[in-house]
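Taking it in order: structure first as structure tokens, then the write-up.
Every number here is computed from the coordinates shown, using simple stated rules; none is lab data. All values derive from a computational prediction rather than experimental measurement. Cβ placement follows ideal geometry from the backbone for every residue including glycine, while neighbour counts extend to all protein chains displayed.
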Amino acid sequence: MAFRDLIAEVDAAVFETLADIGFIEGRQVLGMFSAPWLQPSVGRLNTGLREPHFVIRVGDSDGVEKAQRVTIELPAMDGGGEYTVVRLEPDGAGQVALVLRMSA
């Protein structure tokens with residue numbers, strides 16, 4: 001078994017067990033959602049910026065583009081809600097981080 005095949009099996013087991021549910025333009029996708037609650041700062045100035053991420057597998061990223069709508073199925077206090085894709089960041093190891101912005 002090739003290394004990439006082994007990692008794909010591990011990823012499948014992890015995502016099926018621990019993943020959050022998201023919907024990208026209505027299509028259900030499993031991923032790992034994170035939203036940093038601490039605001040990044042520039043010097044002593046709080047920027048007020050947050051960059052929530054929804055990490056999905058490369059196979060689930062087909063057709064995902066900037067400006068698409070993503071809904072995260074979590075309670076609002078955990079960051080669930082409506083987001084817009086700002087950019088895609090592939091990690092080169094089979095996963096893609098969707099950098100999100102909270103929708104108005």
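Note on the chain: dipole from Cβ charges, positive end direction compared against Gln28, Ala8, Thr84; the farthest Cα belongs to Thr84.
Helix content alone sets the calculated 222 nm mean residue ellipticity of the chain: runs of n ≥ 4 DSSP H residues at -39500 (n - 2.57) each, divided across all residues, give -5000 deg cm²/dmol.
Please give the FRET efficiency for Ala104 paired with Asp62, using the beta carbon to beta carbon distance and R0 = 22 Å, rounded to the nearest 0.05. Taking R0 as 22 Å, the efficiency between Ala104 and Asp62 is 0.20. In this label model, Ala93 and Met1 are separated by 1.8 nm, measuring between points 7 Å along each Cα→Cβ vector. Over the chain, Cα pairs under 8 Å with separation of 6+ residues give a relative contact order of 23 percent. The slack in the chain from Val86 to Asp11, taken as 0.36 nm per residue of separation less the alpha-carbon distance, amounts to 24.5 nm. Once each of the trypsin sites (Lys or Arg not before Pro) sitting in a DSSP loop with at most 12 other beta-carbon atoms within 10 Å is removed, the chain keeps 1-43 as its longest stretch.
Counting every pair of alpha carbons in the chain, the share spaced more than 22 Å apart comes to 34 percent.
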